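Every number here is computed from the coordinates shown, using simple stated rules; none is lab data. On a predicted model such as this, the values are computed, not experimentally measured, just so you know. We place every Cβ from the backbone using ideal geometry, glycine too, and count neighbours over all the protein chains shown.
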Amino acid sequence: MQRLKLFIPLIVFAVLAIFFFVVQKQIGSGAYDPQNMPSALLDKPLPVFQLPDLLSGATVANAVLQDKVVLVNVWATWCPSCLYEHPYLLKLAQQGVLIVGVDYKDDAAKARQWLQEKGNPYLAVLDDRAGTFGLDLGVTGAPETYLVDRSGTVRWRYQGPIDERVWSETLQPLLAKLTAAQGG
Amino acid sequence: MIMRVLLAGLSLALCWALAAHAAIDPYEFDTDAQRERYRHFIEEMRCPKCQNQNLAGSDAPIATDLRRELHRLLLEGRSDREITDYMVARYGEFILYDPPFDKKTALLWLAPLLFLSIGGVVMLAIVRRRRTEPEVAALNADERARIDELLSDDRSGEEKPL
């Protein structure tokens, strides 16, 4: 018994070492991201918005999302990950995925130029120059993407660029389920 | 000379202390009470982008936005409760360094009590073991005689070579 006591520190060390090793591994593989916290909006209605469309200037409100399963993508020209994400969004749009853009705290002229040069994957782009809608969404930066179902409820939020991995592992199954569940 | 070096060191230290408070925004308040509440909020709310920094200590753009928002809400005359609810509705309880007690935070709040009681149990076990340890056996006559002899030797004051 006495001898066993001698090993307690070693055992504690080993347990901690294994714990940290596993966490580190998970961070490395992307399975666990300490930065990624669940959205406060999950399973809640998307906040009410009324913003000018970046391109036409017409006022866009929640009605634009009505009866659709839509991705709401927060982006800006100052955001390098958005540049990385952009081609993938174009690809998704071509596949028929509905995406509404929120141009977050951005220069409108630069944003228009960006869409003209690189292509526009968005159904509509909200010009959120002041960042108020972004604040209501609880974004912490860009890009961030919200999946909104037909009833206007937020079902999923992703911080960071959408890419092949996110699409095939998480987004596509979820989108398929939401589209199927509520009838075509 | 020494004084001067000391003073230079002190002012440098002060600079560091100020730098640690990254964000000092030039906000005007109507009353000192408002300013005090603002300070309290930026100290007690966590920057949503950062792992462990409050709004006061963060340079992240989102922290700047949230400070501006807090300032606006305070000037609008919102209550503390309303402001906290406003922030939690957007960023979740993650933003609170002092979260309310509920199912999700129960472990967080009760852990100190848990550890304290584990410590108490361990201490109790140790004390109890000590108490039940057998008393030192009494000396018999022979041993007592030897001890007396040794003690009286010592009292003679003479040191023996080792």
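Test of understanding: in a Gaussian network model of chain A with alpha carbons linked when under 10 Å, which of A:108, A:142, A:130 would top the mean-square fluctuation ranking? The residue with the greatest mean-square fluctuation here is A:130. Normalised by the number of residues in segment B:20-95, the mean separation of alpha-carbon contacts (under 8 Å, six or more apart) gives a relative contact order of 30 percent. Shape of the protein assembly as shown from the C-alpha gyration tensor: prolate (a/c of 1.5 or more and a/b above b/c, with a ≥ b ≥ c the square roots of its eigenvalues). Averaging 1/r over each pair of different alpha-carbon atoms in chain A and inverting the result gives 18.2 Å, the Kirkwood hydrodynamic radius. Take the Cα of residue B:142, step 7 Å toward its Cβ, do the same at residue B:115, and the gap between the two points is 5.5 nm.
Remark: segment B:106-154 carries a charge dipole of roughly 680 debye about the Cα centre, counting +1 on each Lys and Arg Cβ and -1 on each Asp and Glu Cβ. At R0 = 51 Å, how high is the FRET efficiency between residue A:29 and residue B:126 if r is their beta carbon distance? Nearest 0.05 is fine. E(calc), rounded to 0.05, equals 0.70.
Positive end of the dipole of chain A (Cβ unit charges, origin at the Cα centre): among A:100, A:166, A:114, the Cα lying farthest that way belongs to A:166.
Shape of segment B:20-95 from its Cα gyration tensor (a ≥ b ≥ c, root eigenvalues): rounded if a/c is under 1.5, otherwise prolate when a/b > b/c, or oblate? It comes out oblate by the Cα gyration axes. Computed from point charges on the beta carbon alone (+1 for Lys and Arg, -1 for Asp and Glu), the dipole magnitude for segment A:50-181 about its Cα centre is near 200 Debye. In the structure shown, the pairs A:44/A:68; A:44/A:91; A:110/B:49; A:68/A:177; A:68/A:118 are assessed against 23 Å; a Cα-Cα span above that value is assigned to A:44/A:91; A:110/B:49; A:68/A:118. Axis angle, to the nearest 10 degrees, between helix A:8-29 and the longest C-alpha principal axis of chain A: 20 degrees.
Dipole orientation for segment A:16-168: of the candidates A:42, A:135, A:152, A:42 has the Cα lying most toward the positive pole (charges on Cβ; Lys, Arg +1; Asp, Glu -1).
Using only helices, what value at 222 nm comes out for chain A when you add -39,500 (n - 2.57) per DSSP H run of length 4 or more and divide by the total residues, to the nearest 500 deg cm²/dmol?
-11500 deg cm²/dmol
In this Cβ point-charge picture (+1 for Lys and Arg, -1 for Asp and Glu), segment B:69-155 has a dipole of about 420 debye about its Cα centre. Other residues whose C-beta falls under 15 angstrom from the C-beta of residue A:112 contribute a net charge of -4, scoring Lys and Arg +1 and Asp and Glu -1.
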